[in-house]
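Worksheet: the structure to be examined is printed underneath.
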Amino acid sequence: MDAIEELAQLADSMRQAAGLLNDDDIDDNDNSSSTKRPSTFLNVIALGNTSAGKSAVLNSLIGHPALPTGEGGATRAPICIDLKRDDNLSSKSIVLQIDSKSQPVSASALRHSLQDRLSKISSKSRDEIYLKLKTSTAPPLKLVDLPGVDKGNLDDSLTQYAQHNDAILLVVIPAAQAPEVASAKALRIAKEYDGESTRTIGVISKIDQASSDPKILAAVQALLLGQGPRSAADIPWVALIGQSVSIASAQSGSVGSDNSLETAWRAESESLKSILTGAPQSKLGRLALVETLAHQIRSRMKIRLPSLLSGLQGKSQIVQDELVRLGESMVTSSEGTRALALELCREFEDKFLQHIMTGEGSGWKVVASFEGKFPDRIKQLPLDRHFDLQNVKRIVLEADGYQPYLISPEKGLRSLIKGVLELAKEPSRLCVDEVHHVLADIISASANATPGLGRYPPFKREVVAIATAALEGFKNEAKTMVTALVDMERVFVPPQHFIRLVQRRMDRQRREEEIKTKSSKKAVDAEQSLLNRAPSPQTGGTSKSLKDSKQDKDTPEGPTLKTAGPEGEITAGFLLKKSAKTNGWSRRWFVLNEKTGKLGYTKKQEERNFRGVITLEECAVEEIEEDEPPPSKSSKDKKKVEEKPPSLVFKITSKVAYKTVLKAHSAVLLKAESTVDKAEWLNKLRVVMGAKGGEVKLKPDGPPIRQTHSDGALDTMARKPVDPEEELRWMAQEVRGYVEAVLNSLAANVPKAVVLCQVEKAKEDMLNKLYSSVSSQSTARIEELLQEDGNVKRKRENVQKQSSLLSKLTRQLSIHDNRAAAATGIPNDSPAGNIYLKLVCFSSVK
């Protein structure tokens, strides 16, 4: 019985450990009600047919005839008896505990009371009778006496009690049924719930009633020796005399000694040995049953201990990490208080820098503001409305006043530039506000991510308030800076851009004059050639004209470009591309996609991957003259120079001066293979770039796209426009180009100012202000701010309590696990031994 007492203590420790692993509220005491998860190791469930002697076997374990037996006392409802051992009581005493009260009762009174209650319960009732008894004769077990399994209405009761995977199943078979034990229903039910038979014990009752039948005794001895049927061979069996308790009670009454029960139980064993001569002594009597129960309970605990110890090890590490996170209790001295405040500021600084400089925080939102919303707002400025011709005329007239401009409306154009650039201030200020909100969010996130600040909510609010106030000052400085950047562009317009404008105007007028002169000269030369032309009888002349006609026949009459796509949006053909390295021309296959506005090229037509792609958005295409070869002294070469064919070269550049077009090149020179191909390419490019914000600039002296080369067409193209507002429209277009270049520059420079005035100052000046502000506080004020949160304090106390209980339970369970390892021969270097050694070391440190 002492073994079960020890197992009861171990079961209570394991119960507390299981509750601790499941985060139940555990008290550091032996109160079994301190957890919602009661232990089932000490539960003993009696299974058997009606009148099999289940109640008599449980009475033998109790040490008193407390349960009704016999035909008149058939168990009709589950009876649960929670036994507590109290050595201070006499062997005759039974104490009934109801709630918190204790009441001494006699075994006969308790038996009659139960018999009366059972007689009033129908066989189909599912009521449970629960008793809590305290005695000096019973082991600390929880006994459950179920109705006979042959009644057929025990499914719910069996599920409720037998499904617990650590409860011992006590299969009670009367000796008369030992030969047919394989067909016993109670044994079959036990196999369903315990297939491995690790928590099942067989009890053969009423041996004295079958002592005269050799066949029954032989079957009983076979079961006790483990030689019974296969279904019963793996179960430990014990033999009992049904009336052992009555005999013991009678003897205790006659002798009057507390040791009479032990004497009676030993006498029972001797009586059984005389009946079952071939059975081992360890399988006979009530004492053998108690030892068998202790062995099975210990085996179940041994199975559970390694996993439980492993769980405690992991839980111990979690508890230690939680204690580190919660921190130690606050130091009460003034120096310690101030040092703690500065230490919390340092932790906040680390978290803030981590959030703003790595991808873990919201630092990427600053870049997203620069690359997303701010450039979009710049592009969405209403430039079309401001550069409308009527608006330009109004601004020019208002700027000149009563005296109109003589040559160029410079004053009006400057006023137009200032008005348009004024629009860039609002997007710049909004960019500053967005970055301010991002930094404020980073401050809040950093404060929440600082474990130490979570312990002191008032100090956390103070840190956030100081940091936010510093950000407000940085925001105002940044707004002043970006406004100054816009004003710098507004108040000073560099003249170089407009000097080039005047130069381009003069070049255009010069080209117009040259076109007129060249067209007149061509007319005179054509007339002279007609007058000098005469038929020649010479063979050479005939062969030459045949050769010329053959060349004319070989020359393609239409464009050689190819189209593809459902709507013909893909145009492809060969162009010559000038290399920046070799300064030579290379023939490349170009593909133009009108929908995407991109022009790509490959080295060969069959290649699939482009070697370069030009995005035509905001690009300009301009016809240029081909580089002339060095002059030759021969008259024939001079004639060729005079009759120079039209240029097939055109150039693609960006409308923004500092942007590249292809790779690192700011301009790309292309050359068509014929004038027809050139006209077709320029026509396609004009359509695409007109939709994408680009433009195509044609040479004034060149032929219009898809026009004839007649002098009339040239004269029409070179003629000065009749519209008097054309010059003003042209100047407004040039001014818009300048304004767009300035806006692009601001889109690149405003983020730099924001980073300097807000982000960099937040990384340095804000944290310096935080340290200086906290250091300047009085000790009383710091102590007021460092008032620890009550929830955190209670949580730390609870975790410390868990840590202490973990140490205690680990020591207790490790000792039992070590004993089990020694008893079963488990070496220290085995997994179970390693767990034990680790936990013992951890417990000793604790």
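The values are calculated or read from the model by the stated rules, or taken from the named source; none is laboratory data. The structure presented is a predicted model; accordingly, all values stated were derived computationally and were not measured. So basically every Cβ, Gly included, is an ideal-geometry build from the backbone, and we count neighbours across all protein chains shown. For the accessible areas, the whole protein counts, side chains as well, though only heavy atoms, and no ligand, DNA or RNA atoms are used. Shrake-Rupley method; radii C 1.70, N 1.55, O 1.52, S 1.80 Å.
Given (1) small (Gly, Ala, Ser); (2) open to solvent by less than 60 Å² (accessible area, probe 1.4 Å); (3) modelled with pLDDT under 80, identify the lone condition not met by Ala341.
Ala341 satisfies every listed condition except (3).
Of the conditions (1) surrounded by 21 or more Cβ atoms within 10 Å (Cβ to Cβ); (2) modelled with pLDDT under 85; (3) closer than 30 Å to Gln221 by Cα; (4) of a type outside the set (A, V, I, L, M, F, W, C), Tyr161 fails just one. Which one is it?
(3)
Please indicate, with yes or no, whether at least one residue in the stretch 461-468 is within 28 Å of Gly372 (Cα to Cα) and hydroxyl-bearing (Ser, Thr, Tyr).
Yes, the stretch 461-468 contains at least one residue that is within 28 Å of Gly372 (Cα to Cα) and hydroxyl-bearing (Ser, Thr, Tyr).
Does Ser108 count as surrounded by fewer than 15 Cβ atoms within 10 Å (Cβ to Cβ), under 16 Å from Leu58 (Cα atoms) and either modelled with pLDDT under 85 or hydrophobic (A, V, I, L, M, F, W, C) (or both)? Please lay out each step first, then the result.
Numbers: surrounded by fewer than 15 Cβ atoms within 10 Å (Cβ to Cβ): yes; under 16 Å from Leu58 (Cα atoms): yes; either modelled with pLDDT under 85 or hydrophobic (A, V, I, L, M, F, W, C) (or both): yes.
Here the answer is yes, as Ser108 does meet what is asked.
Could you give every pair whose Cβ atoms fall below 6 Å, whose first residue belongs to the stretch 220-233 and is not assigned by the TED database to the domain that holds Ala210 and among the acidic types (Asp, Glu), and whose second residue is part of a helix (DSSP H, G or I) and surrounded by fewer than 16 Cβ atoms within 10 Å (Cβ to Cβ), counting only separations of at least 6 or pairs across chains?
none
For (1) surrounded by 13 or more Cβ atoms within 10 Å (Cβ to Cβ); (2) in a helix (DSSP H, G or I); (3) β-branched (Val, Ile, Thr); (4) at pLDDT below 70, each residue gets a yes or a no:
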residue	(1), (2), (3), (4)
Lys604	no, no, no, no
Arg608	no, no, no, no
Val613	yes, no, yes, no
Glu617	yes, no, no, no
Ala620	yes, no, no, no
Pro630	no, no, no, yes
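Given the criteria closer than 30 Å to Val739 by Cβ, modelled with pLDDT of 70 or more and either in the same structural domain as Leu746 (by the TED database) or hydrophobic (A, V, I, L, M, F, W, C) (or both), does Val493 qualify?
Values: closer than 30 Å to Val739 by Cβ: yes; modelled with pLDDT of 70 or more: yes; either in the same structural domain as Leu746 (by the TED database) or hydrophobic (A, V, I, L, M, F, W, C) (or both): yes.
Here the answer is yes, as Val493 does meet what is asked.
For the structure I just gave you, tell me whether Ile98 is open to solvent by less than 50 Å² (accessible area, probe 1.4 Å) and assigned by the TED database to the domain that holds Gln9.
So Ile98 fails the test.
Mind checking which residues of the stretch 1-55 are among the β-branched types (Val, Ile, Thr) and modelled with pLDDT under 75?
Ile26, Thr35
For the stretch 416-509, please list each of the helices (runs of 4 or more DSSP H) lying entirely inside it that holds at least 1 residues being in contact with a Cys (Cβ under 8 Å, 6 or more places away or on another chain) and either free of Cβ contacts under 8 Å to residues at least 24 places away in the same chain or open to solvent by 40 Å² or more (accessible area, probe 1.4 Å) (or both).
457-491
Is it true that Arg117 is in a helix (DSSP H, G or I) and open to solvent by 60 Å² or more (accessible area, probe 1.4 Å)?
yes
Of all residues in the stretch 283-326 being open to solvent by 40 Å² or more (accessible area, probe 1.4 Å), in the same structural domain as Val57 (by the TED database) and touching a Leu at 6+ places or on another chain (Cβ under 9 Å), which is modelled with the highest pLDDT?
Looking at the filtered set, the residue picked out is Lys283.
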